[in-house]
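Let me begin by presenting the structure, written as structure tokens, before commenting on it.
Just so it is clear, none of the values below were taken in a lab; they were calculated from the coordinates. From a predicted model like this one, the values you see are computed outputs, not experimental measurements. Note that each Cβ is placed from the backbone with ideal geometry, even for glycine, and that neighbours are counted across all protein chains shown.
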Amino acid sequence: MPDFKRYEALGLGPVARKVEAGERLSLEDGRALFACPDVTAVGALAHLRRTALHGDRTFYVVNRHINYTNVCVNACAFCAYQREKGQEGGFELSIQDAVERLLKAPLPPREVHIVGGCHPDLRLAFFVDLLEAVQKALPDAALKCFTAVEIAHFARLEGISTIEVLQTLKAAGLAMLPGGGAEIFAPAVRRRICPKKSTAEEWLRVHGEAHALGLATNCTMLFGHLESIDDRLDHLDRLRTQQDRTGGFTCFIPLPFQTENNAITVERPLTGLDELRTIAISRLMLDNIPHLKAYWVMLTVKQAQAALFFGADDLDGTVVEEKIGHMAGATSRQGLTKAQLQDMIRGMGLTPVERDARFNPVKEAQA
Ligand code: V47
Ligand code: SF4
């Protein structure tokens, strides 16, 4: 139960009562939470919601990220990873390379996360072969691959619909879509940070189509660049509306902007408390998305731990190798072991639960 006296004094009495009653927060409520001078009060409300949903259970997954290429036709302003075709530093993994990397992971991954740039020449047949080869090598792994932006790019290259692309990839083993590519939906910001990328409408439509085909998906928000607080709330509201319609989002991942090696200069970089506040408000606004991931790669390990008391219930996973955040200045290590993830969770007095890609518990660790 919230400390109502504390929230009344902060002008958040009505918001605290809604959170207690499990009622939907309005955009105005979101603005009040962003304006509240006491970030710990905002965090405590988010922790209340997280605890109502999951108790002290905190999820992690044994996974492996693979980036198949950094060659991309989109050249988003915030991206340090992208290269033009033929540019120095560009790479394309073969199917054999990808499978070898997966087989070399310290533990067999339960979740395989494969994404890449929008390559001008890689065709759908390559991705079908890739999924089939990965599924053959790792029959128990769930394949969480290709953002909605990549799906729309494949459809354009093939001259077919995004539904046909999804159906083809599902038949080849695709289990889930990751949440990347959402960035910020507000068109004025999107035009400045990623003008060539799928629009908000296209991104949301592809996720709706995936949900209709029985593919679960994740969703993200890139924040701390050129967007306003209202743009963040608009983004969360659009995700919440999509979830009301099609219901297939499993997990939301807030991605704090990494500032190095890209074309965006931010006037006031995010502080640690800005990150925690946005994570907490995301938990409170997204009342219909079950999980919220503290992605330690972008947040740092210490901040991801703190986020577990600001609304997050998941730490993503072992990852093993990550390029997108690290090329943009992320200071976290490349991978974590299962024991390290469990220690991070236990260190906060919470209970680690190993999960699969869809958040089904694999094994409850003993306290
Ligand atoms: O969409 C690119 C982001 C995303 C930067 O679904 C940056 O489980 C910060 O979506 N600063 C890809 N972020 C990562 C992603 C993801 C990660 C982990 C798990 C899941 C999941 C999804 O990386 C891109 C973009 O928003 N990104 N550049 C940057 N400079
Ligand atoms: Fe390409 Fe993705 Fe980088 Fe944008 S964020 S340039 S779509 S790789």
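Structure data summary
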item: Residue in the stretch 213-235 that is touching a Cys at 6+ places or on another chain (Cβ under 7 Å), within 16 Å of ligand 2 (Cβ to nearest atom) and not in a helix (DSSP H, G or I) present; result: yes
item: Any chance G317 is among the small types (G, A, S) and more than 22 Å from L143 (Cβ to Cβ); result: no
item: Positions within the stretch 237-280 being hydrophobic (A, V, I, L, M, F, W, C) and away from ligand 1 (no atom under 15 Å from the Cβ), in sequence order; result: L273, L276, A280
item: Residue in the stretch 203-214 that is surrounded by the most Cβ atoms within 10 Å (Cβ to Cβ), counting only those that are of a type outside the set (A, V, I, L, M, F, W, C) and away from ligand 1 (no atom under 14 Å from the Cβ); result: E209
item: Every pair of residues 6+ apart whose Cβ atoms lie under 8 Å, when the first sits in the stretch 220-231 and is among the hydroxyl-bearing types (S, T, Y) while the second is near ligand 1 (Cβ under 8 Å from one of its atoms); result: T220/G179; T220/G180; T220/G181; T220/A182; T220/E183; T220/I253; T220/L255
item: Answer from V19, V15 - the residue that is among the aliphatic types (A, V, I, L, M), within 16 Å of L284 (Cβ to Cβ), buried (at least 16 other Cβ atoms within 10 Å of the Cβ) and in contact with a Leu (Cβ under 6 Å, 6 or more places away or on another chain); result: V19
